[in-house]
Each structure stands twice: as C-alpha cells, then as structure tokens.
Amino acid sequence: MLETKMEIQCNRLDKSFELYKEEFEKKALQVLESGWYILGKELESFEKEFSKYLGAGYCAGVASGLDALKIAVYLLGIGAGDEVIVQGNTYIATVMGITDNGAVPVFVEPDEYYNINVQKIEEKITEKTKAIMVVHLYGQAADIIEIIKLAEKYNLKVIEDCAQAHGAEYCGKKVGTFGDIGCFSFYPTKNLGAFGDGGALVTNCKNLYEKAKIYRNYGSDKKYYNQITGLNSRLDEIQAGLLRVKLGYLDKLNGERQQIAERYLTGIINKNILLPKEKTGCGHVWHQFVIRIKKRREFMEYLESRGIHSMVHYPIPPHLSEAYRYLNIKKGMLPVTESYSEEVLSLPIYNGMTLEEQNYVINTINHYLN
Ligand SMILES: *Cc1c(COP(=O)(O)O)cnc(C)c1O
C-alpha cells in the first residue's frame, strides 16, 4: 500500500540555509557593514581555506563556473584551431569553456559511471589536441589517474571541471588537484553553493594563479596598470563570506547526501530502473542521484502524479544543441551519450531531506509497474 501523497521537490535550497541561518545572517551583515564589497579579506580568506580544504596550492575566485573554465583554457594557451577532448554527456558550460576561446571540442563517449570513457580517449588524440577537459559528473570522480598518464604520454594539459564534485576524491585525493587547473562553480544548487553566482580556479602552479588573478580583474595587478585585456570576473565579498560559512560544513553536507544515496541504492528495487554505479575507493559526493529508465516520460509522469518532482541532466547533449550545430556532429555519432540523454533521470536529493521523504520516494518507485 502507498502512503498518502507527499509533495517532494527535486531540490530544496531553503533547507540548507535554515540549517546555518544565524551564521549566514551574521556573515552577510558583517560584510555589508564593512563597506568593502569586491576583492577584499573575505575572498582572500575563502581562497586560502578552499585551497587548504582541497590540498591545492592556490585558489582564485571568479564570477562563475563557466568563467573558471574559460579562464583555465585561456591561461593554458589554448585557442583557435586547438582541439580539446571532452566527454559528450556534460553540461553545455563545460563545452563553452572550450569554444569561447575559439578551440574545438572533440567529444568522447562516457563510461558506465557517466564519466569520460578512458579507453576511448587515445583514438581521438591528433596533432591539434592540446588538452583533456575532465568532468567529474554528478559528483563522482572520473578515472583521473589514468587520464593524467595519457596526458603525460601525449604532452597534453588537463583541466578538471569540478562544478559538481566539491570534496569528491579519487584514491584519497580531492578532485581539482590532479590536473593543471581545477574549475569549480558555486552556483546555488552545487554541493558548495553560494547565494548567487560564483566560481573558482585551483592550481599548484603559482604562475597560473597569478595570471588568473590578473585576468579576472581587467588584466590588472595594480590599479590602472593593465598588462593585458582581461575580464571583470570576480567572486564578491558577500558570496565569499557566505561560502566560508558553508565550507565549514561541506563534509557534513556531503555526508548527508551519501546517506540518502545509500538509502536509495539499497531501498530502490524495481527491474525497470538502472541504479547509479559507485566506484570503489572513491568519495562520491552525489551532486545528483541519476538513474536510467527506458520509458522515462511515463515514469516521470507517474512520479509527478504522486507529488515527486524529478529532473533530466541533460536532455540535449551539447553536440546536438543548436549552439553547436556548426560543429556538424550528426545524431547517431555519439550513441552512448545520446542514449543516456534519453534515459537519465535525477531523483530528489538535497540537504535537509527527511527520512520520511526519502522513504516515500523509495516506496513510490518500488510500486511502479510498467
Ligand atoms: C554548473 C556547471 C558548470 C557551470 O557553472 P556556472 O557557475 O553555472 O557557470 C560547468 N560545468 C558543469 C559540469 C556544471 O555542472
């Protein structure tokens, strides 16, 4: 028997605000009263704390995850005519980080963990290949050590898109610290989410770090002395301050997501559904809990009828989006990527999700008959 209907959103951002409301309010007020709002002490402290948390040498805050990716590609000297290898099934911003610099994305199919299939990379490397853009999708680390080995063999740069994987690990080391540059987004829905837009680059290279700080600020190190033409892409003091508060709880917040995922993995039993696979020895931070189901629309409608809201990440793979029609990659050329886009479904998972809500999702799914 099914319980009485509940209303469950796919995500609830108000809940994690409520958890640490007093600290957030105190910090916001403190910044507002300080009279200093851009490139100040909060940002400097956040950059230090975030790089320390990750075990990275340096961190530079920027205005968004997309900007972090764009700046990373630019700083590594990748531009017009260069090729960058990237998985087909990512959020389109990953690809824009490449194409905004005039470089060409070369898509590789994903593996069964939804990350880039390492076995398929080598065949895509050409004379023009300059880098591999690695996405740690849905919160799980890609096979980054294997990828680094390949990159060394072919003398390629490695950029990590960690927008969905704050705190995720591979063999005990945090993602974002393996490649030349790690890129993060602090968009509100991310595991380490701000209360507006934000992003950061992390690197162990002092030179890249210093260049990032110049590039994000009109190409200027010293006020009114501009060495290059740059951007206005900065992480403001309020966001940095609020992120400092949240960073203190990131492991706890990720732990809660892991608990929910564990309950789903053991509780959901339905032969129509393919559950996500967790790699052993990795700290998956469950940005999304993504299942696959053949008749997705019918299943989504069933969930909706029972008050459960789900989402698709992502319904249109970048190579089939209108923005990338010019790449001339036809439907059918990336069959795994395309089949994932037709079958993936993200179930509700968020900090502050009650046990009752989790059980309701599990029971409702287990009662689904096709
Ligand atoms: C969110 C996201 C981005 C873009 O970050 P923004 O801060 O929204 O610009 C890039 N890549 C991936 C994988 C993302 O999930």
For residues that are closer than 12 Å to Ala240 by Cα and more than 16 Å from the ligand (Cβ to nearest atom), scanning just region 42-58, find the one that is surrounded by the most Cβ atoms within 10 Å (Cβ to Cβ). Glu42
Starting from region 56-74, keep only residues that are farther than 22 Å from Glu42 by Cα, then list their pairs with residues that are part of a helix (DSSP H, G or I) and among the β-branched types (Val, Ile, Thr) whose Cβ atoms are within a distance under 7 Å, requiring at least 6 positions of separation or different chains. Leu69/Thr94; Val73/Ile98
Total residues in region 222-239, condition at negative phi and without any contact (Cβ under 8 Å) to a residue 12 or more places away in the chain: 5
Filter pass, Gly283 being modelled with pLDDT of 95 or more and either buried (at least 16 other Cβ atoms within 10 Å of the Cβ) or not hydroxyl-bearing (Ser, Thr, Tyr) (or both): no
Exactly one of (1) within 16 Å of the ligand (Cβ to nearest atom); (2) on the phi > 0 side of the Ramachandran plot is unmet by Gly172. Its number? (1)
Quick check on region 22-41: of everything there that is in contact with a helix residue (DSSP H, G or I) (Cβ under 7 Å, 6 or more places away or on another chain), of a type outside the set (Phe, Trp, Tyr) and outside any helix (DSSP H, G or I), which residue is surrounded by the most Cβ atoms within 10 Å (Cβ to Cβ)? Gly40
Whether any residue in region 89-102 is within 27 Å of Thr280 (Cβ to Cβ) and in contact with a Ser or Thr (Cβ under 6 Å, 6 or more places away or on another chain) is what I want to check. yes
Step by step: first the residues of region 1-27, then only those that are more than 30 Å from Thr177 (Cβ to Cβ) and not charged (D, E, K, R), then the one that is modelled with the lowest pLDDT. Which residue is that? Met1
Restricting to region 213-229, name every residue that is modelled with pLDDT of 95 or more, away from the ligand (no atom under 16 Å from the Cβ) and either in a strand (DSSP E or B) or buried (at least 21 other Cβ atoms within 10 Å of the Cβ) (or both). Tyr215, Asn217
Would you be able to tell me the number of residues in region 72-91 that are surrounded by 21 or more Cβ atoms within 10 Å (Cβ to Cβ), over 13 Å from Lys157 (Cβ atoms) and not β-branched (Val, Ile, Thr)? 3
Given the conditions (1) within 14 Å of the ligand (Cβ to nearest atom); (2) surrounded by 23 or more Cβ atoms within 10 Å (Cβ to Cβ); (3) of a type outside the set (Val, Ile, Thr); (4) assigned to a helix (DSSP H, G or I), and given that Gly61 satisfies all but one, which numbered condition is not satisfied? (4)
Kindly list, by first and then second residue, each pair from a residue in region 158-175 that is within 19 Å of Gly97 (Cβ to Cβ) and free of Cβ contacts under 8 Å to residues at least 60 places away in the same chain to a residue that is within 11 Å of the ligand (Cβ to nearest atom) and in a loop (DSSP other than H, G, I, E, B), limited to pairs with Cβ atoms under 7 Å and residues at least 6 apart or on different chains. Glu160/His136; Cys162/His136; Val175/His136; Val175/Cys162; Val175/Ala165
For region 64-102, which positions are assigned to a loop (DSSP other than H, G, I, E, B) and away from the ligand (no atom under 16 Å from the Cβ)? Leu76, Gly77, Ile78, Gly79, Ala80, Gly81, Asp82, Gly102
Would you please name the residue that is nearest to Glu262 (Cα to Cα), looking only at residues in region 290-327 that are hydroxyl-bearing (Ser, Thr, Tyr) and in a loop (DSSP other than H, G, I, E, B)? Ser310
Starting from residues that are β-branched (Val, Ile, Thr) and crowded, with 24+ Cβ neighbours inside 10 Å, keep the ones in region 155-200 and report whichever is nearest to Tyr138 (Cα to Cα). Val175
Does Gln239 satisfy the criteria of being within 28 Å of Lys70 (Cβ to Cβ) and either out of contact with any helix residue (DSSP H, G or I) (no Cβ under 7 Å at 6 or more places or on another chain) or not in a loop (DSSP other than H, G, I, E, B) (or both)? yes
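Residue-wise test of (1) over 30 Å from Ala240 (Cα atoms); (2) away from the ligand (no atom under 13 Å from the Cβ); (3) modelled with pLDDT of 95 or more; (4) not hydrophobic (A, V, I, L, M, F, W, C).
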site: Lys124; (1), (2), (3), (4): yes, yes, yes, yes
site: Val134; (1), (2), (3), (4): no, no, yes, no
site: Glu146; (1), (2), (3), (4): yes, yes, yes, yes
site: Lys153; (1), (2), (3), (4): yes, yes, yes, yes
site: His166; (1), (2), (3), (4): no, no, yes, yes
site: Gly193; (1), (2), (3), (4): no, no, yes, yes
site: Gly196; (1), (2), (3), (4): no, no, yes, yes
site: Val202; (1), (2), (3), (4): no, yes, yes, no
For region 312-323, which residues satisfy the criterion of being crowded, with 17+ Cβ neighbours inside 10 Å and either in contact with a strand residue (DSSP E or B) (Cβ under 6 Å, 6 or more places away or on another chain) or of a type in the set (A, V, I, L, M, F, W, C) (or both)? His313, His319, Leu320
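The values are calculated or read from the model by the stated rules, or taken from the named source; none is laboratory data. Treat the numbers as computed from the prediction; the structure is a model and nothing was measured. For neighbour counting, all protein chains shown are included, and Cβ atoms are generated from backbone atoms with ideal geometry for every residue, glycine included.
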